[in-house]
Amino acid sequence: MTEHIHVAPAPVGGRLLTPVTFTCGVLILAALAILAVRFVLGLGAVTHLNDGYPWGIWVVADVVIGSAFACGGFSIAMLVYIFNKGEYHPLVRPALLASLFGYTLAGVGVIFDLGRWWNFWHILSPAYASPNSVMFEVALCISLYIVVMWIEFSPTFMEKWGMRDARRKLNKVMFFFIALGTVLPMMHQSSLGSLLIVFGTQIHPLWQTMLLPLIFLLSAITIGYAVVLFESCLAAAGYRRSIEMHLLTPLAKIMLGVLAVFMIVRFGDLLWRGALGHAFAANLQAFMFWLETACFLSPFVLLRSEVQRRNPARLFIGGALLMLGGVLLRINAFLVGYDTGTGWSYFPSVPELLVTFGMFAIEVLGYIVITRRFPVLPREDAPPTATPAALRAATR
Amino acid sequence: MNGRREFLRRALAGGAAVAGTTACPSAHARGNAEIPPEAIGLLFDSTLCIGCKACVAACKAANDLPLDYNSPVDALWDMPLDTTARTYNVIKAWQSGTGTQRNQQIDGYAFMKSSCLHCIDPSCVSACPVSAMTKDPATGIVQYDADACIGCRYCVAACPFGIPKYDYDSPTGKIGKCELCRHLLPEGKYAACAEVCPTGATLFGKVSALKAEAHRRLALQEGAPTIWPRGNLDTADQPAWEGPAPRYVQHVYGEKEVGGTQMLKLAAVPFEQLGHKPLPERSFSSQSETLQHTLYGGLVLPLAVLGVMSWVARRNVKHDDETDARGAQDAHAGEKRHD
Ligand code: SF4
Ligand code: SF4
Ligand code: SF4
């Protein structure tokens, strides 16, 4: 890792108790109280889960969507270390931090949803291994990736606590963890899509396809970039820092590129399977499909030219809409497009929603506390980053 | 060096690796699973069912299951409308028009049994991440082990027949589903629902024998007198009876559906009306597993991608180290271009 040569990251500093952190705290307490009830009385006491919809928003929002939102670290790391776009280096740490939280929480969130959670360790024990199961692979990847991310992020703590020796040693093998940190989330995000294949005809044809893994993976990568745009704008506004426009503007272009590939795969698959006709039916599924598609298409309009990509408000909204598209794709595939037969319905209960809000609140609170106290964001008064690629571009 | 071309080259290499990990041709395709030769199962003949629900009560008793009220207000009747974690078997009534003609489509009524079909290639087994749902290699019974189960409910969501159910009202809820009374087999007994059935509508036996019996019935002339076995088809432990043949729908449900099931069904009313949707012959688990094995078989593809990624990452981390040292003082040059 080479942070020491780029603009050194530094703690933002400032108060920890603000209206935002206070609100997060309240939401987290509410979620904890509801979870206490859930563990004493069972899932039925706080959720609207039923045998027609055994998976609700705790699975879809907290785990499937939560981990997709946590793809910023992976998407940026790919850009910097695999595609050698070194100029994006200052974005690595903040993105990795958000990913670390997102994935760790997704991993913990699974436990809240497990009906027999005390057996959780079975999934990592060879005695119970079930290699044919997609869920088995999802669980292995998520667990390994969380460990890998903590290792990738550990230099931040080592810097704070002055563990120079350990850091130097770790740097020597960091490339391997970086590589693992791209392969594991690729496997994990694609497998979140594969989870649905065994559901067969219970999933609406607008979403059921053998290309689900590719569709989920590509959308997760674009969401990764969208999250970085979204977070950078938010962090800049919240901490009154200048926005890293020189990074975000070209990043938005890369995001649109991956998004274009995603759209081609998505619609190519629908056409090839002859499933696009279902999009013109007069039902909820078709409506939600178009809503999802509109969200995915909106960044192409909002950020169509270089001028527009220099506008922070547009970057923020474009990123947010793309994230919403990703949310809708996942909700549609797992819930709206899922039909086990007549008579079943599901809409999350208020306590169920509060737990999900609490989970996202933990993420926001953690991000604030760590960026204020640990060296994550680039130092504000330092000169901006120079990298080989940027220099090459400038001298051309 | 031309940065853009370099980027494109890497993008293509990386893109190929990504596409490779997710959408490879099905090199490890697997077809539907084969049925174990000694597999046992049930034959349910809707035309013989009189809706007495003796099997529902017998199932409760045999499996030591608690009462299941469908209304907390009127907690008097153990009459769940569907199978639950506490009820493994229900008989559902269907009717049309005036509902007076037994086994007729128009103005008719009929009964249908709902319990695990013991798929030959079960989705629930393929889904389960901890081998809590397994298929017995000899009997073919799809069995559940609560001590292994983590309660993820993937099996509940995956089963194409909506059979496994979870108990949401308990902090230690288990999955509940018919296990073909496997605990009775060592005692020399068999499925309680079949044993108790007064008409032979639910018949126990080897799947091969049940299948032959089903086809014998489909070939019968409507109204022709025939023999109806009861209880256990293999041992003929209960006396058979004689009666006229109904007009069957020419379809053995479960013979082909999702790769076949060990519970076969006959009816005089189209199965779709009895809550049995048409299903493809290719099992969903074989599709899912083909995909998984293609991507992760022997971990070949993930390791290859990891190798490529490590190599590239190693080069780039080093590359960064060399160039960054001299890059620092030219910082502003880089910045101008991006502003
Ligand atoms: S009917 Fe459902 S629960 Fe029974 S074996 Fe088939 S997939 Fe499993
Ligand atoms: S709920 Fe239990 S039996 Fe069903 S898939 Fe999950 S671990 Fe397996
Ligand atoms: S075989 Fe046993 S468990 Fe299954 S439905 Fe019949 S009585 Fe119930």
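Below are the figures for this structure:
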{"quantity": "Test: residue in region A:343-351 that is within 18 Å of the chain's Cα centre (by Cα), modelled with pLDDT of 90 or more and open to solvent by less than 40 Å² (accessible area, probe 1.4 Å)", "calculated": "no"}
{"quantity": "Condition check for A:Val376: modelled with pLDDT of 90 or more, among the aliphatic types (A, V, I, L, M), open to solvent by less than 20 Å² (accessible area, probe 1.4 Å) and out of contact with any Gly (no Cβ under 6 Å at 6 or more places or on another chain)", "calculated": "no"}
{"quantity": "Flag if B:Gly254 is modelled with pLDDT of 90 or more, under 18 Å from the mean Cα position of the chain (by Cα) and within 14 Å of chain A (Cβ to nearest Cβ)", "calculated": "no"}
{"quantity": "Any chance A:Ala281 is closer than 19 Å to A:Gln308 by Cβ, open to solvent by less than 50 Å² (accessible area, probe 1.4 Å) and not β-branched (Val, Ile, Thr)", "calculated": "no"}
{"quantity": "Pick from region B:196-230, criterion among the β-branched types (Val, Ile, Thr) and open to solvent by less than 40 Å² (accessible area, probe 1.4 Å), ranking: nearest to B:Ile35 (Cα to Cα)", "calculated": "B:Val207"}
{"quantity": "Residue in region A:102-111 that is within 9 Å of chain B (Cβ to nearest Cβ) and buried (at least 17 other Cβ atoms within 10 Å of the Cβ) present", "calculated": "yes"}
{"quantity": "Test result for A:Ala127, open to solvent by less than 20 Å² (accessible area, probe 1.4 Å) and either among the small types (Gly, Ala, Ser) or more than 10 Å from chain B (Cβ to nearest Cβ) (or both)", "calculated": "no"}
{"quantity": "Which listed residue is more than 9 Å from ligand 1 (Cβ to nearest atom) and in contact with a Ser or Thr (Cβ under 7 Å, 6 or more places away or on another chain), from B:Cys119, B:Cys181, B:Cys193, B:Cys197", "calculated": "B:Cys193"}
{"quantity": "Matching entry among B:Ala209, B:Ala240, B:Ala214 (being more than 16 Å from ligand 3 (Cβ to nearest atom), closer than 18 Å to B:Cys119 by Cα and touching a residue at least 40 places away in the same chain (Cβ under 8 Å))", "calculated": "B:Ala214"}
{"quantity": "Failed item, numbered, when B:Gly173 is tested on (1) touching a strand residue (DSSP E or B) at 6+ places or on another chain (Cβ under 8 Å); (2) away from ligand 2 (no atom under 14 Å from the Cβ); (3) of a type in the set (Gly, Ala, Ser)", "calculated": "(2)"}
{"quantity": "B:Glu242, sole failed condition from (1) within 16 Å of ligand 2 (Cβ to nearest atom); (2) open to solvent by 10 Å² or more (accessible area, probe 1.4 Å)", "calculated": "(1)"}
{"quantity": "Lone qualifier among A:Pro11, A:Pro54 - being in a loop (DSSP other than H, G, I, E, B) and more than 10 Å from every other protein chain (Cβ to nearest Cβ)", "calculated": "A:Pro11"}
{"quantity": "Residue match in region A:23-38 (condition: among the polar types (S, T, N, Q) and farther than 26 Å from A:Ile370 by Cα)", "calculated": "no"}
{"quantity": "Single condition B:Asp78 does not satisfy, out of (1) modelled with pLDDT of 90 or more; (2) surrounded by 14 or more Cβ atoms within 10 Å (Cβ to Cβ); (3) not aliphatic (A, V, I, L, M)", "calculated": "(1)"}
{"quantity": "Some residue of region B:230-237 being on the phi < 0 side of the Ramachandran plot, at pLDDT below 95 and either β-branched (Val, Ile, Thr) or in a helix (DSSP H, G or I) (or both)", "calculated": "yes"}
{"quantity": "Residue list for region A:57-79, restricted to those being facing chain B (nearest Cβ under 9 Å) and in contact with a Leu (Cβ under 8 Å, 6 or more places away or on another chain)", "calculated": "A:Ala77"}
{"quantity": "Checking B:Cys181 against (1) of a type in the set (A, V, I, L, M, F, W, C); (2) surrounded by 24 or more Cβ atoms within 10 Å (Cβ to Cβ); (3) away from ligand 2 (no atom under 13 Å from the Cβ), the condition it does not meet", "calculated": "(2)"}
{"quantity": "Hits in region B:184-195 - residues which are open to solvent by 60 Å² or more (accessible area, probe 1.4 Å) and in a helix (DSSP H, G or I)", "calculated": "B:Pro186, B:Glu187, B:Glu195"}
{"quantity": "Condition met for B:Gly151 (under 25 Å from B:Lys53 (Cβ atoms), surrounded by 19 or more Cβ atoms within 10 Å (Cβ to Cβ) and in the same structural domain as B:Asp45 (by TED's automatic domain parsing))", "calculated": "no"}
{"quantity": "Subset of region B:277-305 [more than 10 Å from chain A (Cβ to nearest Cβ) and under 22 Å from B:Ile141 (Cα atoms)]", "calculated": "B:Glu281"}
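Here is a yes/no grid of residues against (1) within 14 Å of another protein chain (Cβ to nearest Cβ); (2) surrounded by fewer than 24 Cβ atoms within 10 Å (Cβ to Cβ):
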residue: A:Met187; (1), (2): yes, no
residue: A:Ser191; (1), (2): yes, no
residue: A:Leu196; (1), (2): yes, no
residue: A:Gln202; (1), (2): yes, yes
residue: A:Gln208; (1), (2): yes, yes
residue: A:Leu218; (1), (2): yes, no
residue: A:Gly238; (1), (2): no, yes
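The values are calculated or read from the model by the stated rules, or taken from the named source; none is laboratory data. Keep in mind that this is a model prediction, so the values were computed, not measured. Counting neighbours? That spans all protein chains shown, and the Cβs are built from the backbone with ideal geometry, glycine included. Remember, those area values only see protein heavy atoms, side chains included, never the ligands or the DNA or RNA. Shrake-Rupley method; radii C 1.70, N 1.55, O 1.52, S 1.80 Å.
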